[in-house]
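Report on the structure given below.
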Amino acid sequence: MKINWEKKIKKHLLNQKIVNIKYMSEKESDRQGWSSRPIEITLSNGVLLVPTQDDEGNNGGSIATNITELPTIPTT
C-alpha cells in the first residue's frame with residue numbers, strides 16, 4: 001500500500017518547483033470551517049498543497065521542518 005501511495009505522490013510532486021507560498025485567507029478557512037489558517041504551497045504544475053490537522057481535513061495544520069531557525073511552520 002505504501003509503495004502505491006508513493007508512486008501516486010511522486011507522479012504529482014517530484015521535480016516540481018514551489019512557485020508561491022501564502023497563508024490561507026480568512027474567508028477560505030471560514031468556508032472550510034477551520035479555526036486555523038495553514039500555509040498554501042503552490043507548485044509549478046498547479047498542484048496546491050495545504051497541510052491539514054488529519055486525513056479528514058478537520059482543520060488547518062502546521063508543518064514540521066529540519067530548519068534550525070524554523071522547526072515548525074505554524075498556522076495563524
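The values are calculated or read from the model by the stated rules, or taken from the named source; none is laboratory data. Being a predicted model, the structure only gives us computed values, none of them experimental. Cβ placement follows ideal geometry from the backbone for every residue including glycine, while neighbour counts extend to all protein chains displayed. The accessibility values were calculated without ligands, DNA or RNA, using every heavy atom of the protein model including side chains. Shrake-Rupley method; radii C 1.70, N 1.55, O 1.52, S 1.80 Å.
Odds and ends about this structure:
- Residue order for LEU70, LEU48 - accessible surface, 1.4 angstrom probe, largest first: LEU48, LEU70
- Sequence-distant residues sharing a close amide H with THR52 (under 5 Å, placed H): GLY61
- Using θ = phi - 60° in the Karplus curve 6.51 cos²θ - 1.76 cosθ + 1.60, the 3J(HN,Hα) couplings for region 64-69 round to 7, 10, 9, 7, 3, 8 Hz; x is entered for Gly and Pro.
- For the chain: relative contact order, % (alpha-carbon pairs under 8 angstrom, 6 or more apart): 24
- Ordering TRP34, TRP5 by accessible surface, largest first, gives TRP5, TRP34; the 1.4 Å probe counts only protein heavy atoms, with every chain in place.
- Distant-in-sequence amide H partners of GLU40 (H built 1.01 Å from N, under 5 Å): LYS22, TYR23, MET24
- The mean of 1/r over all pairs of different alpha-carbon atoms in the chain, once inverted, gives a Kirkwood hydrodynamic radius of 13.7 Å.
- The HN-Hα couplings worked out from phi for region 4-12 by the Karplus form 6.51 cos²θ - 1.76 cosθ + 1.60 (θ = phi - 60°) are 4, 5, 4, 4, 4, 5, 4, 4, 9 Hz, whole numbers, x standing for Gly and Pro.
- Per residue accessible area in Å² of the chain, where ligands, DNA and RNA are left out and the probe is 1.4 Å: 78
- Estimated dipole of the chain in Debye, rounded to 20 [Cβ of Lys and Arg +1, of Asp and Glu -1, Cα centre]: 440
- Accessible area of the chain belonging to carbon and sulfur atoms, whole % at 1.4 Å probe: 53
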